[in-house]
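The structure under discussion appears below in the form of structure tokens.
Bear in mind that the values in this text are calculations on the coordinates, not laboratory data. Keep in mind it's a predicted model, so treat the numbers as computed, not measured. Positions of Cβ are generated from backbone atoms using ideal geometry, with glycine treated the same way; all protein chains shown enter the neighbour counts.
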């Protein structure tokens with residue numbers, strides 16, 4: 001079973017989160033994970049941290065949250081998971097430089113706004129064709145449902161060769177820490193200035209911060225047209 005970090009459990013946090021930037025809404029964290037499925041999986045090894053960038057599938061069943069995916073068999077990460085199941089998965093989203101010109105007083109400094117969710121849990125690995133087919137179907141259904149028909153038409157030998165080159169993993173989540181640093185410590189007027197300065201950027205990582213701020217209810221509410 002997992003739970004979002006609470007104020008009472010702050011001393012157990014593994015990432016620095018000032019209280020006004022702490023994401024406390026369960027649904028917000030899950031939505032963010034689904035919207036940003038290209039994550040960083042991190043394991044501890046005898047030689048230090050080991051990381052892999054990869055797409056994952058997130059499944060919530062009741063009070064249980066599972067993160068699933070696969071790595072190349074040539075990638076030693078699956079062996080690290082096998083030997084040391086506790087791991088961290090970082091879901092990272094939009095981010096943007098915020099100019100001090102958005103603030104109403106002169107004595108201010110620029111900052112960086114962003115969203116991130118850290119997911120802790122225990123992994124198990126699997127390599128049977130049946131289990132690997134299952135995780136592939138989840139990923140295909142998430143990223144390109146139409147590809148399922150093409151995959152199904154491949155010859156059995158070809159599919160078997162492809163499956164033999166990957167190892168699957170499933171992480172049972174034990175804890176989530178969400179950080180949405182979105183100018184919550186500024187006035188509504190200043191938040192609106194930040195939103196307006198970022199929303200028309202060509203870089204979606206930048207304009208995404210503006211959208212995330214609006215989704216969090218920040219800034220001065222705009223009149224409906």
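Quick test for you: out of 140, 171, pick the one residue that is without any contact (Cβ under 8 Å) to a residue 40 or more places away in the chain and within 22 Å of residue 36 (Cβ to Cβ).
Numbers: 171 fails: without any contact (Cβ under 8 Å) to a residue 40 or more places away in the chain.
Sole residue among the options that is without any contact (Cβ under 8 Å) to a residue 40 or more places away in the chain and within 22 Å of residue 36 (Cβ to Cβ): 140.
If you go through segment 36-48 and keep only what is surrounded by fewer than 19 Cβ atoms within 10 Å (Cβ to Cβ), touching a helix residue (DSSP H, G or I) at 6+ places or on another chain (Cβ under 9 Å) and outside any loop (DSSP other than H, G, I, E, B), you end up with 44, 45. Residues of segment 149-158 include at least one that is in a loop (DSSP other than H, G, I, E, B), without any contact (Cβ under 8 Å) to a residue 60 or more places away in the chain and over 21 Å from residue 55 (Cα atoms). Restricting segment 163-202 to residues that are out of contact with any strand residue (DSSP E or B) (no Cβ under 8 Å at 6 or more places or on another chain) and part of a loop (DSSP other than H, G, I, E, B), the residue that is surrounded by the fewest Cβ atoms within 10 Å (Cβ to Cβ) is 202.
So for segment 64-78 (the condition being loosely packed, with under 13 Cβ neighbours inside 10 Å, within 18 Å of residue 173 (Cβ to Cβ) and free of Cβ contacts under 8 Å to residues at least 60 places away in the same chain), does at least one residue qualify? Scanning segment 64-78, I find no residue that is loosely packed, with under 13 Cβ neighbours inside 10 Å, within 18 Å of residue 173 (Cβ to Cβ) and free of Cβ contacts under 8 Å to residues at least 60 places away in the same chain, so the answer is no. Scanning segment 86-129 for residues that are surrounded by fewer than 21 Cβ atoms within 10 Å (Cβ to Cβ), within 22 Å of residue 67 (Cα to Cα) and over 13 Å from the mean Cα position of the chain (by Cα) returns 86, 121, 122, 124, 125, 126, 127, 128, 129.
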